[in-house]
């Protein structure tokens, strides 16, 4: 016959089985005066899959140097933040030291590298939230510097947009809107402000602004899902682990954008081109892990890999200088492998 002690132990164990699981809250609330260092890295490998181009029924695909269209891109950014005041999930006032940044590019025989992407490496910038302006006001901490550089800086590099607005039990899931994930992957920029981040190049900035509606169309079929898989101890920290899964399919009509481009392009504006079909189909698949520091209430690390496939289709008719009419068809598959890391 079991003793009273063993019976109570058994009952307690049974009760634990039916007890509500522990809930964790992933929130952004670093203590005032605390500091956080972050290193971001984005790498991309671009290539061409299947490509078919025909003019008047003649296949010209073999004449294209497909190997020269493959390329690689890498971006790096290192920061150190000191939180002066945080309120309701937002850093109201903080200092950010831009430790260093750089990029490298390689395509065929062309290679390039650049440092100090924003022109503020080595500087400390003060970000202060203005309720009246509904935006951050930026200033150099030492009071001197080129203020035009501040216009290109984004405040939210803390992955706050990935957080749910509720406590999480083991296995909890939530969906992310495109505008929540894009800033987390593009150094704080979103589709609307991508033009301002185009390195001050007027033409590039204008193109980015014109592409914004198209990107919104492609992202209409965007699906990103998060799942909370629990917390663990690592290096003396309690870290919450979130799995990210991206499965996105979108398509759009590119005819108007192509016509506008041809109208403004040098030497092509007078081309009598009738664009009958110009469309794109986008497929994105990605998986990754977000680690959130439950002790310090800020992001700890992000690791995400993704594959992007864009299938572009074009059907057009045009007339040459002699007035002879021709037809052209093209189908191009662009492939991209992406990797994001933050630590």
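Beta carbons closer than 7 Å, at least 6 apart along the sequence or on distinct chains, pair a first residue in region 164-175 that is on the phi > 0 side of the Ramachandran plot and at pLDDT 90 or above with a second that is buried (at least 16 other Cβ atoms within 10 Å of the Cβ) and part of a strand (DSSP E or B) for 171/228. Filtering region 93-133 to residues that are exposed (fewer than 12 other Cβ atoms within 10 Å of the Cβ) and either under 20 Å from residue 34 (Cα atoms) or over 23 Å from the mean Cα position of the chain (by Cα) (or both) leaves 108, 109, 110, 111, 122, 130, 131, 132, 133. Under the condition of being touching a residue at least 40 places away in the same chain (Cβ under 8 Å), over 24 Å from the mean Cα position of the chain (by Cα) and more than 30 Å from residue 228 (Cβ to Cβ), the residues counted in region 292-314 number 1. Can you pull out every residue in region 140-154 that is in contact with a strand residue (DSSP E or B) (Cβ under 8 Å, 6 or more places away or on another chain) and surrounded by 15 or more Cβ atoms within 10 Å (Cβ to Cβ)? Those that are in contact with a strand residue (DSSP E or B) (Cβ under 8 Å, 6 or more places away or on another chain) and surrounded by 15 or more Cβ atoms within 10 Å (Cβ to Cβ): 140, 150, 153.
Yes/no matrix, rows are residues, columns are (1) modelled with pLDDT of 90 or more; (2) exposed (fewer than 14 other Cβ atoms within 10 Å of the Cβ):
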{"position": "9", "(1), (2)": "no, yes"}
{"position": "17", "(1), (2)": "no, yes"}
{"position": "22", "(1), (2)": "no, yes"}
{"position": "26", "(1), (2)": "yes, no"}
{"position": "33", "(1), (2)": "yes, yes"}
{"position": "38", "(1), (2)": "yes, no"}
{"position": "45", "(1), (2)": "yes, no"}
{"position": "56", "(1), (2)": "no, yes"}
{"position": "63", "(1), (2)": "no, yes"}
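Take residue 82 and tell me if it is more than 30 Å from residue 228 (Cβ to Cβ), in a strand (DSSP E or B), touching a strand residue (DSSP E or B) at 6+ places or on another chain (Cβ under 7 Å) and modelled with pLDDT of 90 or more. Against the criterion (more than 30 Å from residue 228 (Cβ to Cβ), in a strand (DSSP E or B), touching a strand residue (DSSP E or B) at 6+ places or on another chain (Cβ under 7 Å) and modelled with pLDDT of 90 or more), residue 82 does not qualify. When the residues of region 134-159 are filtered to those that are under 24 Å from the mean Cα position of the chain (by Cα) and in a loop (DSSP other than H, G, I, E, B), the one that is nearest to residue 184 (Cα to Cα) is 159.
The values are calculated or read from the model by the stated rules, or taken from the named source; none is laboratory data. Keep in mind that what you see is a predicted model, and the values were worked out from it rather than measured. Because the Cβ atoms are built from the backbone with ideal geometry, glycine has one as well, and the counts that use them run over all protein chains shown.
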